[in-house]
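Everything on this sheet refers to the single structure shown next.
The values are calculated or read from the model by the stated rules, or taken from the named source; none is laboratory data. A quick note: this is a predicted structure, and the numbers were derived from the prediction, not measured. When we count neighbours, we look across all protein chains shown, and the Cβ atoms used for this are built from the backbone with ideal geometry, even at glycine. For the accessible areas, the whole protein counts, side chains as well, though only heavy atoms, and no ligand, DNA or RNA atoms are used. Shrake-Rupley method; radii C 1.70, N 1.55, O 1.52, S 1.80 Å.
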Amino acid sequence: MTDHKSIDALVGPEESQRLFGALQRGATRRDMLAMLTAGGMQAALAGGVATLAATAHAQTARKGGRITVATNASGVNDTLDPAKQSNQTDYCRGFMFYNGLTVLDGSLTPRPQLAEEFTTQDAKTWVFKLRKDVTFHDGKPLTPADVVFSIMRHKDAATASRAKVLADQIEAVTATGPNEVTFRLTSPNADLPVILGTFHFHIVKEGTTDFSAGIGTGPYKVKEFKPGVRSVAVRNENYWKPNRPYLDEIELVGISDESARVNALLSGQLDLVSTVSTRSVERVLAGGTYGIFETKSVSYTDLIMRRDSTPGNNPDFVLAMKHLFNREQLLKSIQLGRGVVANDQPIATTNRFYFKGLPQRPYDPEKAKWHLQKANLGSAAVPVVASPAATNSVEIALVMQYAARQIGLNLDVKRMPADGYWSTHWMKHPVGFGNINARPSADLALTLFFKSDAPWNEAGWKSEKFDQLLVAARGETDQAKRAQMYADMQVMIHKEGGIGIPMFISSLDGHNGKLKGLSPIPLGGMMGASFAEHVWLDAA
């Protein structure tokens, strides 16, 4: 019998983990071949490894069983309408009952899902070929008309879609064949397949107005849905993916209190819980029968130094503050090591466009002191606004306050209550903190928070060169050229931007030790909410 260890021996543990993670997310043997040959492996060897990995995975996964899962939010506004979903519980249900044209993998690269392929020549006109073997839960075959309806309803203001701002760039979607749709955009966007792989763009039946039955093409069907109470999903026996899903049934509830979720897990009432705090990790692991599933780089807390006001308009003050981050210490003491050291730019190591060549900025009090003296700000205290609303910001601010004293800088940490922080304080002080969740693409991460005219440009940093690069990268279909553009933008933010990012924060989920198949999708915990299709219960 083939097992994981034999694959480890052939390609190494890291590559083996990548292969099995892709298989758990539904990758085919063909996908495996593409991954291996892209890494330089000869075709014949890649074919053998792909076959072994697929065999090992098939022998490992087991069908049957029922699990109960708790996310961190639930309410009367829970919905099965993909356009209106707004929290992790909604998104988990969305992935149970629906599919998108594409789906995002562990590096946030778009992969075919309901579309078997997608092509473009200019990033403005896109052609999606649909799979021919897909039916909705009620037996109706998937058609181009379903796709046209599902996408275009986001543009209608009456739909009140939470993705309208993303859909506005879509000028038209038309059926151009019996199994083909063509998208025409208002301007080139090489990341359209990424956008279509996100939560809200799941495909529904043409003409649907009542979503309470959750009729989709997904791996599970709706057995019960009570907003604010629970939902129960049962296996779709006619799912278009062979041998998926594994479980018979999933019950999903929302429990807002973290300690209550953890207690329910450890008492055996739950099999999987989202959003475990670092302080609970040791307790979950102590018994040996439960595990912690870590998804790296799903958010970051940033120190904001407004470049349009004093003292942030002084570049030496900004650099002094960035050199006061003892990043390794902050990660170890505050996040208990559950995260990744960051480098004052927002593209995480998990992203396919992360620039590895950017030298890591070190903790350097002497250099910080040199920049501070050059800034010549005088002896007045510098107010720094922090709040529990911005994850870990109070702790980071206090550590920095101590480090700043050693170089003669007086940081006056002002702790604000969590309630109302985002409307009253975020971006409204010369020096403060923000907390940003992962975005599905480098383009969105940079456009929303760093473009000169972005409403959420936290530091008010403006660069015409950056804006030009951003637009050019969005329309570039050559991956190597895009990667270089994103590398240049990361360097610019690192050197000139008014934010300091000491670390990327992990999302932690707790689970029964028998639950298998989880692999990270860095949009959030529970595989970016898509766990349902991929997990199974070990017989042991």
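Descriptive notes on the structure:
- Rolling a 1.4 Å probe over the protein heavy atoms leaves residue 283 with an accessible area of roughly 120 Å².
- Sites listed here are trypsin sites (Lys or Arg not before Pro) in region 122-163 whose DSSP assignment is loop and whose Cβ has at most 11 other Cβ atoms within 10 Å: 132.
- Solvent-accessible surface (1.4 angstrom probe) belonging to residue 208, in square angstrom, nearest 10: 30 Å²
- Taking all pairs of distinct alpha-carbon atoms in region 403-483, Kirkwood radius in angstrom: 15.4 Å
- Region 323-422: C-alpha gyration tensor shape, a/c 1.5 cut-off, then a/b vs b/c: oblate
- Per residue value of the accessible surface for region 422-540 (all protein chains in place, 1.4 Å probe), Å²: 35 Å²
- Computed over the alpha-carbon atoms, the chain gives an Rg to Rh ratio of 0.97, Rh here being the Kirkwood radius from the mean inverse distance.
- Converting the Cα gyration tensor eigenvalues of region 141-235 into ellipsoid dimensions via √(5λ) gives semi-axes, longest first, of 26, 16, 12 Å.
- For residue 460, net neighbour charge (Lys/Arg +1, Asp/Glu -1) across residues whose Cβ lies under 10 Å away: +1
- The calculated 222 nm mean residue ellipticity attributable to helices in the chain amounts to -9500 deg cm²/dmol, summing -39500 (n - 2.57) over DSSP H runs of n ≥ 4 and dividing by all residues.
- Cross-link pairs 140/241; 205/514; 164/296 - those with Cα-Cα distance over 25 Å: 205/514; 164/296
- Here the simple spin-label model places points 7 Å from the Cα toward Cβ, and for residue 286 and residue 209 these points are separated by 5.6 nm.
- Applying the Karplus relation 6.51 cos²θ - 1.76 cosθ + 1.60 with θ = phi - 60° to region 442-453 yields 3J(HN,Hα) values of 4, 4, 5, 4, 7, 5, 6, 10, 10, 4, 3, 9 Hz, where x marks Gly and Pro.
- The stretch between residue 176 and residue 164 holds 1.9 nm of extra length on full extension. This uses 0.36 nm per residue minus the Cα-Cα distance.
- Of the solvent-accessible surface of region 389-435, computed with a 1.4 Å probe over protein heavy atoms with every protein chain present, carbon and sulfur atoms account for 52 percent.
- With one equal scatterer per alpha carbon and no solvent term, the Debye-computed log10 I(q)/I(0) for region 190-301 at 0.11, 0.14, 0.23 1/Å reads -0.55, -0.86, -1.28.
- Across region 259-272, coupling constants 3J(HN,Hα) worked out from phi with the 6.51/-1.76/1.60 Karplus curve, θ = phi - 60°, read 5, 5, 4, 5, 4, 5, 5, 6, 8, x, 6, 10, 10, 8 Hz, and Gly and Pro carry x.
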